[in-house]
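One structure is given here, and the rest of the page talks about it.
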């Protein structure tokens, strides 16, 4: 199955905690967007996210970081689609108040979150084989 990738910069407005730390739920929002695109490509419909089977938050995300979220369908049933997701930090903000515009490209990227879950596309809404 194909893979979907979303990359974006985390804005200062998304930082909820001290030190410009971003809530882990932001990664789940990105995974939801990846899942939606996967379902549209497969079924021609946005489908519904049913449940996460596992979620692992592995590293902090801060305002100014660039995050790449990837996902792919690992199993396809009549209406269910099992998926796996990974979010990596590809660019890290310096977080130094004396140099707020500096950042570093991370090579290799840092895995910040992994998850698996299940989405559902009702048969009546599936428009593709």
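The values are calculated or read from the model by the stated rules, or taken from the named source; none is laboratory data. None of these values were measured; they are calculated from a predicted model. Glycine gets a Cβ as well: all are built from the backbone with ideal geometry, and neighbour counts include every protein chain shown.
Structure values in brief
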| quantity | calculated |
| --- | --- |
| Residue in region 106-113 that is at pLDDT 95 or above, in a loop (DSSP other than H, G, I, E, B) and within 19 Å of the chain's Cα centre (by Cα) present | no |
| Residue tally, condition more than 15 Å from residue 9 (Cα to Cα) and exposed (fewer than 14 other Cβ atoms within 10 Å of the Cβ), over region 90-113 | 7 |
| Residue list for region 78-105, restricted to those being within 30 Å of residue 44 (Cβ to Cβ) and within 18 Å of the chain's Cα centre (by Cα) | 81, 82, 83, 84, 85, 86, 87, 88 |
| Residue list for region 114-129, restricted to those being part of a loop (DSSP other than H, G, I, E, B) and either within 24 Å of the chain's Cα centre (by Cα) or surrounded by 12 or more Cβ atoms within 10 Å (Cβ to Cβ) (or both) | 121, 122, 126 |
| Residues (over 16 Å from residue 94 (Cβ atoms), touching a strand residue (DSSP E or B) at 6+ places or on another chain (Cβ under 7 Å) and either crowded, with 18+ Cβ neighbours inside 10 Å or at pLDDT below 90 (or both)) located in region 6-15 | 14 |
| When residues of region 16-46 are limited to those that are assigned to a helix (DSSP H, G or I) and free of Cβ contacts under 8 Å to residues at least 12 places away in the same chain, the one surrounded by the most Cβ atoms within 10 Å (Cβ to Cβ) | 36 |
